[in-house]
Amino acid sequence: MESDFRSDTVTRPCAAMRAAMAAAEVGDDVLDGDPTVAALEKEGAAWLGKDGALFVPSGTMANQIAMGAWTRPGDELIAEREAHVLVYEAGAAGALHGLQSVTLAGHKGALDPAQVAAALRPDFVHCPRTGLVCVEQTHMASGGSVVPLENLRAVAEVARAAGVAVHMDGARLAHAVVASGVAARDYAACADSVSLCLSKGLGAPVGSLIAGPAEFLERARRVRKQLGGWMRQAGIIAAAGRMALAENVERLADDHLLAKELAAVVEGFSGLGVPAGGPETNLVPVRVEREGLGAEQLAASLGERGVRVMALSPAVLRFVTHRDVSGENIAHLQRSLAQILS
Ligand SMILES: Cc1ncc(COP(=O)(O)O)c(C=O)c1O
């Protein structure tokens, strides 16, 4: 049996999604537009409560388009110190847009609005301009934590009072929506631009959206072109994205429930622990605190038994639940852990 808990990006499109992709109406999106891409962009923008959206290949590109559209070289980017845009995008903010970063320690991904206010640069010729504040919902590095709406509002208020735009890395915004019951557009209202991944838990094989106001989208379109992210008959993959957004958001609740079950199973083994309170969404970081056993070694032993997980650090494994794992895979994990740890 194979149980792949490495990421919610490992899902394969279901038969209905493949059929929708095969039947998609397409055009050259660069020359005259692709009707299926246009429909996805419209639906995504409506869900997020923004003027419009652009379909792009990845979450990283969506975030980097926001960086390029909001800032100028030499500007500063304020973000939580473990934010995806700072830690997991290969230094793109500096390499592509000439940004330097101000990193703030957060609490489960939430920035302290007072710290953000203190980090904003004055309008002084010797200082860099503060170009952008970036927030992340859900926060990946802290294990899929949902950043509270009130916190996002407070951060936005501080940034906007200084005339600084806020970008929300909403790769897993849909997970926050389902876990909290807060509407996507309410979270998105706390940011000027928002990215959303259709391939993280929502079941599409590829694709993200970057949404925002009309004047931002004009600049964003240009940056997308500069990054080579404008696609041609992309309706084939946009059709999957449309289905992901229309049909696969509510079911994320199943993944969140499964993550709680997984955490309970893991906690049954001495020397393995999950963050207090358990997982809020579908990511489960597991501390490995057993004498002589590191996270990589445990991942390798699980791998030999068909259970695939990711070692985030020498002492932390990450499990992710998604539509292609079920209770049977949790039982497989439990059996495998019992064999390895007994
Ligand atoms: C919070 C967050 N933002 C952005 C991304 C980047 O997405 P992609 O892998 O599609 O570039 C990820 C990927 O896991 C993520 O977790």
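The values are calculated or read from the model by the stated rules, or taken from the named source; none is laboratory data. Keep in mind the model is a prediction, meaning the values are calculated, not measured. We place every Cβ from the backbone using ideal geometry, glycine too, and count neighbours over all the protein chains shown.
GLY74 meets all of the listed conditions (1) more than 16 Å from the ligand (Cβ to nearest atom); (2) surrounded by 16 or more Cβ atoms within 10 Å (Cβ to Cβ) but one, namely (2). When GLY44, GLY49, GLY74 are screened for being at negative phi, modelled with pLDDT of 95 or more and assigned by TED's automatic domain parsing to the domain that holds VAL182, only GLY44 passes. Scanning segment 114-132 for residues that are more than 16 Å from the ligand (Cβ to nearest atom), crowded, with 18+ Cβ neighbours inside 10 Å and not small (Gly, Ala, Ser) yields VAL116, LEU120, THR130.
In this structure, ALA66 qualifies as within 15 Å of the ligand (Cβ to nearest atom), in the same structural domain as VAL166 (by TED's automatic domain parsing) and at negative phi. Residues in segment 94-127 that are in a strand (DSSP E or B) and over 23 Å from THR138 (Cβ atoms): how many? Total satisfying the criteria: 1. Scanning segment 266-275 for residues that are surrounded by fewer than 20 Cβ atoms within 10 Å (Cβ to Cβ) and under 22 Å from the mean Cα position of the chain (by Cα) yields a single hit, PRO275.
Contact annotation: residue pairs with Cβ atoms under 8 Å, 6 or more positions apart or on different chains, pairing a residue in segment 251-276 that is on the phi > 0 side of the Ramachandran plot and small (Gly, Ala, Ser) with a partner that is surrounded by fewer than 20 Cβ atoms within 10 Å (Cβ to Cβ) and assigned to a helix (DSSP H, G or I), are GLY271/LEU341. Residue-level check: of (1) out of contact with any Asp or Glu (no Cβ under 9 Å at 6 or more places or on another chain); (2) away from the ligand (no atom under 13 Å from the Cβ); (3) touching a residue at least 24 places away in the same chain (Cβ under 8 Å), SER7 misses just (2).
A search for C-beta distances below 7 Å between a residue of segment 88-109 that is surrounded by fewer than 17 Cβ atoms within 10 Å (Cβ to Cβ) and any residue that is among the aromatic types (Phe, Trp, Tyr), counting only pairs 6+ apart in sequence or on different chains, returns nothing. Among the residues of segment 25-38, the one identified as touching a helix residue (DSSP H, G or I) at 6+ places or on another chain (Cβ under 6 Å), surrounded by fewer than 21 Cβ atoms within 10 Å (Cβ to Cβ) and of a type in the set (A, V, I, L, M, F, W, C) is VAL26.
Among the residues of segment 246-259, the ones that are surrounded by fewer than 17 Cβ atoms within 10 Å (Cβ to Cβ) and closer than 21 Å to GLY109 by Cβ come to 1 in all.
If I filter segment 210-236 down to residues being over 19 Å from THR71 (Cα atoms) and crowded, with 24+ Cβ neighbours inside 10 Å, which single residue comes out as farthest from the ligand (Cβ to nearest atom)? Per the criteria, the residue is GLY235.
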